[in-house]
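Throughout, read-outs are computed from the coordinates displayed, never taken from laboratory work. In this text, all values refer to a predicted model and were calculated from it rather than measured experimentally. Ideal geometry is used to build each Cβ from the backbone, glycine not excepted, and the neighbour counts take in all protein chains shown.
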Amino acid sequence: MGGVKSYKELLIWQKGIKIVVLIYKLTKDFPKEEIYALTSQLKRASVSVPSNIAEGFGRQTDKSFNHFLNISRGSLNEIETQLIIAKELEFVLDDNLFNEILLLIEEESKMINAFSKKLKD
């Protein structure tokens, strides 16, 4: 992993943290009856992204790191799907924030794919 000393230096981890923060902001306005359902699912899936990047980094092997990157990528797909559901159910009150998160998810997914490919090479 080159000269990277901490997972916190990784842009994929940093962008993952940003997604978490924005998901928390977006779900703040969701209906209260969703707190243990879609709100909780979105929060847990978003936290999973940078958490798995950190855990994979800590395993100190490229193969293991790749495994955790795959989990992070799956969590991004989960978040995207849940956001679309929330939008369809009219829980999303801030379209700009919704679109910003979707864009970040797309960027993060591409960055994880590139990082994973680099680890395999």
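Of note:
- With N counted as the residues of the stretch 11-121, its alpha-carbon radius of gyration over 2.2 N^0.38 Å works out to 1.09.
- Among Leu76, Ile112, Leu102 - extreme Cα towards positive end, dipole of the stretch 75-121, charges at beta-carbon: Ile112
- Positive dipole terminus of the chain, leading residue within His67, Ala86, Gly3 (C-beta point charges): Gly3
- If only the Cβ of Lys and Arg carry +1 and only the Cβ of Asp and Glu carry -1, the dipole of the stretch 1-64 around its Cα centre is close to 140 debye.
- Backbone geometry of the stretch 60-68 corresponds, through the Karplus equation with coefficients 6.51, -1.76 and 1.60 at θ = phi - 60°, to 3J(HN,Hα) couplings of 6, 10, 4, 4, 5, 4, 4, 4, 6 Hz, x marking Gly and Pro.
- Prolate/oblate/rounded label for the stretch 38-84 (Cα gyration tensor, a/c 1.5): prolate
- For the chain: relative contact order, % (alpha-carbon pairs under 8 angstrom, 6 or more apart): 32 percent
- The chain: most fluctuating residue of Gln41, Gln60, Gln82 per GNM, C-alpha cutoff 10 Å: Gln60
- For the stretch 1-73, the Cα-based Rg and Dmax, in that order, read 14.2, 47 Å.
- Between Arg59 and Glu88, the simple label model (points 7 Å from Cα in the Cβ direction) yields a spacing of 3.3 nm.
- Net charge dipole, the chain: roughly 700 debye, given to the nearest 20, about the Cα centre with Cβ charges of +1 for Lys and Arg and -1 for Asp and Glu.
- Compactness of the stretch 68-121, taken as the C-alpha radius of gyration over 2.2 N^0.38 Å, stands at 1.31.
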